[in-house]
Amino acid sequence: MLSTGIRTPIGVKVMGADLVQIDKLAQRIERILKTVPGTASAYAERGIGGYYLEITPDREVLARYGILIQDLQDTIAAALGGQTVTTTVEGRQRFTVNMRYPRDLRDNPKAIASDILVPMPAGGAVPLGEVAKVEPARGPTAIRTENGQLATYIYVDIRDRDIGGYVADAQRAVSDGVQFPTGYYVVWSGQYEYMQRAAARLKIVVPVTLMIIFLLLYLNFRSMTETLIVMLSLPFALVGGLWMMWWLGFNLSVAVAVGFIALAGVAAETGVVMLIYLNQALAEIKMRRDSGGRVLTRADLHEAIMEGAVERVRPKMMTVTAIMAGLLPIMWSTGTGSEIMQRIAVPMIGGMISSTLLTLIVIPAIFGLVKGLGLPPAERSGSPPQGETAVRQVRVPEPAE
């Protein structure tokens, strides 16, 4: 509210050059917004809602009497607004003494026109109603300006809808139902304005974050294949975060986007832990096969995957449990700022659940497919082992008759 002037989640600023035309457009937009699904309330400021006493000088009559415009304005200011004539001192306090016409002579337009006298230079005075037109008029209660343009605000509250989707529907409804004269336009403000700024930043931050994660993984593994295997865990983490948001009824916001960015780093960490254990188990089995002079087969790869993915679930679960233990109190917290922190924690909690389950299933399967390329399904036997006799079938020729 301090930065945009809008006290509601969504605000519409009607900009133009004439307050009367702006007020008409604002009231028309107010009626249209009330028909948009999700609108809890819509109220347009009544810019032309004040009552004023308008005194218009008659220049021809003033010229005949020889009265200057400045003299007329000084008389009106002294008679109606009051004029300071002296200051009274009472002990340590000072009070100004103002002089103006009594209330009976200035409480209605007829009395003002007939009883307020304007002095003439030649002597004497003339009633105000003879040298000026005195009548009540409607005018602006307040004048707003923004970027050098007059403005009127429309305050909109929404219910059970996200800000981005609501504004998209509202913009279409206003575009179809309101014809703006030349020089008049609307600006959508409030939280939506900040959401647009955040979306523009996220378009840069999210790709840069993924690139940094990819670069760090590549520097660690020195292998494009293993880096891509770990990056596959990120979509599985997003699935759990989206499910958790749907279950709790949260809408997409800047805080949720921050939670997903943090989730991407944590999900990559769990993928790295899984891949390190798989590579370690495969290296140990390969070392045993090399020492025995045997060739690594797909059966050996399957054994390594079982050892790395199944028998070492505990350290991976400890990592995930520690992270979730720190996030659950944030999700259940209440008080100032809890709504923002909950929307950061919820995507991470849901994402860690899905990332853990799917990482234990998908990454070992992909690891087996990639590492199993070119490996024989089982070890092929060469010469018969020592101590065993090779059996050969020899064709015996038939005896001659």
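So which residues in the range 335-353 are small (Gly, Ala, Ser) and crowded, with 22+ Cβ neighbours inside 10 Å, if there are any at all? Of everything in the range 335-353, those that are small (Gly, Ala, Ser) and crowded, with 22+ Cβ neighbours inside 10 Å turn out to be ALA345, GLY350, GLY351. Report yes if ARG314 is touching a Leu at 6+ places or on another chain (Cβ under 6 Å), free of Cβ contacts under 8 Å to residues at least 12 places away in the same chain and charged (D, E, K, R), otherwise no. Considered against the rule, which asks whether it is touching a Leu at 6+ places or on another chain (Cβ under 6 Å), free of Cβ contacts under 8 Å to residues at least 12 places away in the same chain and charged (D, E, K, R), ARG314 comes out as no. ILE67 fulfils the conditions (1) outside the structural domain of ILE116 (by TED's automatic domain parsing); (2) among the β-branched types (Val, Ile, Thr); (3) part of a loop (DSSP other than H, G, I, E, B); (4) out of contact with any Asp or Glu (no Cβ under 8 Å at 6 or more places or on another chain) except for a single criterion, (1). Considering every residue within the range 227-239, establish whether at least one is in contact (Cβ under 8 Å) with a residue 24 or more places away in the chain, of a type outside the set (Gly, Ala, Ser) and not in a helix (DSSP H, G or I). Yes, the conditions are met somewhere in the range 227-239.
When THR334, THR389 are checked against the criterion of being assigned by TED's automatic domain parsing to the domain that holds ALA237 and at pLDDT below 80, a single residue qualifies: THR334. Within the range 1-45, restricting attention to residues that are part of a helix (DSSP H, G or I) and free of Cβ contacts under 8 Å to residues at least 12 places away in the same chain, the residue that is farthest from the chain's Cα centre (by Cα) is LYS24.
Do we have any residue at all in the range 269-286 that's touching a helix residue (DSSP H, G or I) at 6+ places or on another chain (Cβ under 8 Å), at pLDDT below 80 and small (Gly, Ala, Ser)? Checked against the condition, which is being touching a helix residue (DSSP H, G or I) at 6+ places or on another chain (Cβ under 8 Å), at pLDDT below 80 and small (Gly, Ala, Ser), the range 269-286 yields no hits at all.
Return yes or no: is ILE48 part of a loop (DSSP other than H, G, I, E, B) and closer than 25 Å to ARG144 by Cα? Yes; evaluated as a whole, the condition is true for this residue. Screening the candidates LEU369, LEU358 for the property of being surrounded by 18 or more Cβ atoms within 10 Å (Cβ to Cβ), within 21 Å of LEU232 (Cα to Cα) and out of contact with any strand residue (DSSP E or B) (no Cβ under 6 Å at 6 or more places or on another chain) yields one hit, LEU358. The set of residues in the range 96-125 being at pLDDT 85 or above, assigned to a loop (DSSP other than H, G, I, E, B) and farther than 17 Å from GLY82 by Cα consists of MET120, PRO121, GLY124. Out of ARG31, ARG46, one residue alone is closer than 30 Å to GLY164 by Cα, charged (D, E, K, R), at pLDDT 90 or above and surrounded by fewer than 19 Cβ atoms within 10 Å (Cβ to Cβ). It is ARG31. The set of residues from the range 175-226 being among the hydroxyl-bearing types (Ser, Thr, Tyr) and either farther than 30 Å from ARG28 by Cβ or part of a helix (DSSP H, G or I) (or both) comprises SER175, TYR192, TYR194, THR209, TYR218, SER223, THR225. Report, by residue number, each residue of the range 280-300 that is small (Gly, Ala, Ser) and not in a helix (DSSP H, G or I). Within the range 280-300, GLY292, GLY293 qualify.
The values are calculated or read from the model by the stated rules, or taken from the named source; none is laboratory data. Because the structure is predicted, anything quoted here is derived from the model rather than measured. Positions of Cβ are generated from backbone atoms using ideal geometry, with glycine treated the same way; all protein chains shown enter the neighbour counts.
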